[in-house]
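Report on the structure given below.
Nothing in this text is a laboratory measurement; each read-out follows from the coordinates by a stated rule. Since the model is a prediction, treat every value here as computed from it, not as a measurement. Virtual Cβ from ideal backbone geometry, glycine too; neighbours counted across all protein chains shown.
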Amino acid sequence: MSKRQPRPLAVRPSDFDVFRNDLLDVSDEACSGEIECATLDILRAIGEDVTREGLLDTPKRVARAYAELTAGYHVDPVHLINDAIFDVNYDEMVIVRDIDFYSLCEHHLLPFLGQVDVAYLPNGKVIGLSKIPRVVEMFARRLQVQERMTQEIAQFLDEALHPLGVAVVVEGLHMCAAMRGVKKANARMVTSAMLGTFKTKMATRSEFLRHIGREHAGF
Ligand SMILES: [Zn+2]
């Protein structure tokens, strides 16, 4: 006596392709530009149906997103700070706190994001306040590692202003660590670059760290 097996549902989505005109428009030439075409390759490689509606414009969107997220390569640093450097006799510490940044880690092309605190001790020159977040953005919108980004921001300000000292502290949340592997979702990475008096003078460094609430950080 054989048990009656339920018949499997005999509906295959591909059987209905005959009703879809839009499939005719999709060919191997459905991309232009290297990022678009590479994205199409990735979608195929992970086994996706690149002709389904939700993915039709994905290669274009990804190309646009990468152009935006890596726009920092194309910023002219001289133009960026042009006519925003002023001669003044101000010799107290200038601090810009909690500058948001969004970057891409160069090891996984996944985002890392967080805040940057920047300080410098002027030596006759100051930079327009709004320019410091732009400098951060210029270095964040590239493929990066947080340690190098921290150094690059500090070095750039050092060369532009020749101040007595520059300090940069970056706190970042890395999606490559949060989403995969060890899944340390809340682990933040903190990096710092201390130049000039921030490196040589304990009192200057302590004042800065106190201002950004990290007096016990041990930098
Ligand atoms: Zn990574």
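How do Ile95, Ile153, Ile46, Ile35 rank when sorted from fewest to most other Cβ atoms within 10 Å of their own Cβ?
In increasing order of surrounding Cβ atoms, one gets Ile46, Ile95, Ile35, Ile153.
Could you calculate the FRET efficiency of Lys199 with His108 from 1/(1 + (r/R0)^6), where r is the beta carbon distance between them and R0 is 41 Å, rounded to 0.05?
Numbers: r = 32 Å, r/R0 = 0.78.
The calculated FRET efficiency here is 0.80.
For Asn82 and Met179, calculate 0.36 nm times their separation in residues minus their Cα-Cα distance, and state this gained length in nm to one decimal.
Extending this stretch completely gives an extra 30.9 nm.
Taking Rh as the Kirkwood radius computed over C-alpha pairs, what is the Stokes-Einstein D of segment 35-151 at 4 °C in a medium of viscosity 1.567 mPa s, expressed in µm² per second?
77
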